[in-house]
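The values are calculated or read from the model by the stated rules, or taken from the named source; none is laboratory data. Quick caveat, the model's predicted, so the values are computed rather than measured. Reconstructed Cβ throughout: ideal geometry from the backbone, glycine too, with neighbour counts over all protein chains shown. Each accessible area value is taken on the protein alone, full model and side chains, heavy atoms only, with ligands, DNA and RNA left out. Shrake-Rupley method; radii C 1.70, N 1.55, O 1.52, S 1.80 Å.
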Amino acid sequence: MASYMSMGEAHRRITDYLNRFVDVISYQDGTSLKPLLSLSSESPSFLALADALNLFQDANRLIKQADKYSQYAEIVAPLFRAMQSYRVGHLVESYQAFEKSANAFIQEFRNWESAWALEALYVVVYEIRILAEKADRELASNGKTPEKLKAAGSFLMKVFGVLAGKGPKRVGALYVTCQLFKVYFKLGTVHLCRSVIRSIETARIFDFEEFPVRDKVTYMYYTGRLEVLNENFPAADHKLSYALKHCDPQSEANIRMILKYLVPVKLSIGILPKKALLEKYTLVEYSDIVLAMKRGDLRLLRHALEEHEDRFLRSGVYLVLEKLELQVYQRLVKKIYIIQKQKDPSKAHQIKLEMIVKALKWLEMEMDLDEVECIMSILIYKNLVKGYFAHKSKVAVLSKQDPFPKLNGKPINS
Amino acid sequence: MRYYLMERWQPRRGRGRGRGSYSSSSQTQSNNFRPSNTSNHPTTRKPTPNHISSKINIKQDDNDLEDLPNLTGSCSYMCPVEERIQRERLRDLAIFERLNGNPSQSSSTLAVKKFCRTISTKDVRNVDLRPVLVLEDTLNHLLNVFGSKSQPFEVIHDFIFDRTRSIRQDLSMQGIVTGDQAIGIYERIVKFHIISQHKLQRNYVNSNPNVSPMHHLNMEQLTKTLSSLYHLYDQTRKPNPEFYSFYVLLHLGSDHQPTGESLSLWFRKLPFSVMKSKEMMFARRLLRYSRFGNYKQFLDTIDSEASGLQYYVLEPYVCDVRAFGLSCLNHGGYKLNPYPLVDVSKHLFMEESDVESFCKDCGLDTYTSEDGTKFMPAKQTSFCSPKGPRKYYPMVSERLKTLYDEAPEII
């Protein structure tokens, strides 16, 4: 706490803030309102104000002094408390006070007819989430149950309700939706996304194209991730590709995040990324997997999965990547075919199951003939290999035409 | 979601903090864009008190548990005295509760508290709830009944099903979220449900088609109990990996998601140490084989590694996997190379005689050659998934056989 500030200075800072607050609202200057509501940005002016408040201790008296201030008392008084608590590291208190202030702010917001304060509302919404996260960390570190982020989710739902109307404010609904996604993903209550998605996608008042590009990208990123979790690859491809296409090309961090989920999706439909892409966005965890798919190297795939197991599990793509085994087997058999073709083109399409056993042994994977027969039967069933296998002679006979059909952007039928 | 926050926006309806007012008010007052909330969240942090319903019988939000008054059970009997007397009077006693077979006479050592569907927390008193130690004793008594064989299995199952549900209700109404005893209780109830599922399936197949609805109810309670158990594990940090493996095994089968949540999402939340445990690695391997379609490794792994309980959970999928395997062999085989059934039996871990029967179930023909060897021709077009009640073909596995010969029902 700044002890170098005098009482007089503290008084001045607080009244300056109050005056600014009042002016900004009367001029409907949304851009200038934004910094007045932000705590987590920890700007120098905020820090100084918070110090002033903690020093002065009786800001409420100042608020009540003039009508022009007191009309916003319900917003400003708890906001001041939130700032004070934040400054001394009492984040649970800060969240609680901020939520009160935000509630009052929304009441006012409803009354303002135009959407002039929409960007300021975004700041409030963002702060609610960030402060809730910090509050939960504080609760957890004190051995208590974290519950503020969940409360923030409920609050954001209310805000959504306020914006979901016919007027110009409705374009803000997507921003709030994206903040809700972030809350739900963090809490793991991802199923709650469903109802908001339904509102956005089916309500007549919303036209998806009207929303700001930035929000559309974020929306498609999260809904794309949901599709990945549910393994709907065509939908996931569509949404994540949209996000990638419309993402700010300068924003490398965001592009990386999208690619983190898009790469496994593309791999599942048989599309491999270039090495340069993986390197540019430091997605090294996928390098060995791509290599394994190119080589038909099952051992490398398994090794890569194990090496980054925790990371893949956290992002929810582990099971997706595991399933690439099918394509790796296909590639392995194809390589054997190619080698045989070079030796004797007329016999290439007949592959002894023994050969496959040998190839797997070379990759340090022990499998007997029965198992290899089983795997061939699966590859054929799933149309990754065209042909049949002769049980008695232990030979796989491949179709002379297109024995290894490409996926062509479609997921493997199961 | 916290309904009481919504109160700021809407006047409260109905009575005060009773259960029913929240759900009903939010549902009747929704404007178009208040997203509806499904309160069946098996994976939230609180134990799922789905059995606490208002008199309107609407499922409750998990968060309401925080609003519960701190109830501490003080009933020292398996059944509250008032309830026992009332049920004696109404002749509402299960056969296991009757003293000397008398339908209107029970005793404190026989009567067990029933599950109560329509109860509002306002009406619950401490004397109606049993503390943990009494619940443990109650469970011991019930599991003795379970092993007794004095009645047809469905009758026994029904009784234990209801009374264990009541035990769970008592636990969650007291907000008991810690303690080894609570964990032990939930774990044993999980085992009960698993073993019951196995027996119900056998009975269904062998005789009475009316047993089928019990499957779904039993499965439902199994998943709910598991969910409560996981919450306890979260709180106490003493996870038992085998019980996590059951969850994975319940999700085998292509689109089978009994809890409506993808496994990828569920995995995200588990501690890495659980994910790497022997039991979970087993389940994850089975999951991998199942998704790949690798029927041979699937069955092989069960043969070499499944525990008795894990096998019971897996049993229904074994049939699906075998059917898939048969379909692959039929589809990819060579017309001029029919399969000796003895070879098929190796792929499917079945007795040869069972293979013949199973082929028939799947619409496939078999024939016997001159020297007595049986074959299944490939490329038959008549394959279909086995319909109706699943016939049970034991897995040819010495190891599993010893497992369930030794201790099929120890809970």
Any chance you could check the Cα centroid distance between the stretch A:153-183 and the stretch A:57-105 for me, in angstrom? 24 Å
Determine by what factor the alpha-carbon radius of gyration of chain A differs from 2.2 N^0.38 Å, reporting the quotient. 1.36
At a probe radius of 1.4 Å, what is the per-residue accessible area of B:ARG165, in Å² to the nearest 10? 30 Å²
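I need the per residue convex hull volume for the stretch B:317-404, using only the alpha carbons, in cubic angstrom as a whole number.
94 Å³
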Given that compact globular proteins tend to follow 2.2 N^0.38 Å, what is the ratio of the alpha-carbon Rg of the protein assembly as shown to that value? 1.13
List the aspartates and glutamates whose alpha-carbon lies under 18 Å from that of B:LYS360, not counting same-chain residues fewer than 8 positions away? B:ASP320, B:ASP343, B:GLU351, B:GLU352
Table column - 3J(HN,Hα) (Hz), the stretch A:334-348, Karplus curve with 6.51, -1.76, 1.60, x for Gly and Pro: 5, 5, 4, 4, 5, 4, 5, 4, 5, 6, 7, x, 6, 9, 4
For a quick check of understanding: with a 1.4 angstrom probe and all protein chains in place, what accessible area in square angstrom does B:GLU305 have, to the nearest ten? 70 Å²
Once the Cα atoms of helix A:193-202 and of chain A are each reduced to a long axis, what angle between those two axes, in degrees from 0 to 90 to the nearest 10, is obtained? 90 degrees
Dimensionless Rg/Rh of the stretch A:204-326, both radii on Cα and Rh by Kirkwood, sits at 1.00
Give me a single rounded figure for B:287-298: the average over its residues of other chain Cβ atoms within 10 Å of their Cβ. 5
Between the stretch A:213-275 and the stretch B:86-157, how far is it from one alpha carbon centroid to the other, in angstrom? 56 Å
Would you mind getting the Kirkwood hydrodynamic radius of the stretch B:252-328 from its Cα pairs, rounded to one decimal in Å? 13.2 Å
For A:LYS323, B:LYS278, A:LYS280, give me the order by solvent-accessible area with a 1.4 Å probe, most accessible first, ignoring ligands, DNA and RNA. B:LYS278, A:LYS280, A:LYS323
Of all chymotrypsin sites (Phe, Trp or Tyr not before Pro) in the stretch A:285-379, which ones are in loop regions per DSSP and have a Cβ with at most 13 other Cβ atoms within 10 Å? none
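Within the set A:LYS245/A:LYS275; A:LYS280/B:LYS296; A:LYS266/A:LYS334, which residue pairs have Cα atoms separated by over 30 Å? Walk me through the numbers on the way to the answer.
Values: A:LYS245/A:LYS275 20 Å; A:LYS280/B:LYS296 41 Å; A:LYS266/A:LYS334 21 Å.
Violating the 30 Å Cα-Cα cut-off are A:LYS280/B:LYS296.
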By accessible area with a 1.4 Å probe, ligands and nucleic acids excluded, highest first: order of A:ILE356, B:ILE85: B:ILE85, A:ILE356
Could you sort the peptides B:289-298, A:40-49, B:341-350 by per-residue average Cβ neighbour count (10 Å cutoff), highest mean leading? B:289-298, B:341-350, A:40-49
Candidates A:ILE339, A:ILE128, A:ILE14, ranked by Gaussian network fluctuation over chain A, Cα under 10 Å, top entry: A:ILE339
Which percentage, to the nearest 5, of the DSSP beta bridges contained in the protein assembly as shown is antiparallel? 85 percent
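Among B:ARG168, A:ARG20, A:ARG299, what's the order by accessible area (1.4 angstrom probe), most exposed first?
Numbers: B:ARG168 5, A:ARG20 120, A:ARG299 90 Å².
Reading off the accessible areas and sorting them downward yields A:ARG20, A:ARG299, B:ARG168.
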Put +1 on the Cβ of each Lys and Arg and -1 on the Cβ of each Asp and Glu in the protein assembly as shown; which of A:GLN342, B:HIS251, A:PRO168 then has its Cα farthest toward the positive end of the dipole? A:PRO168
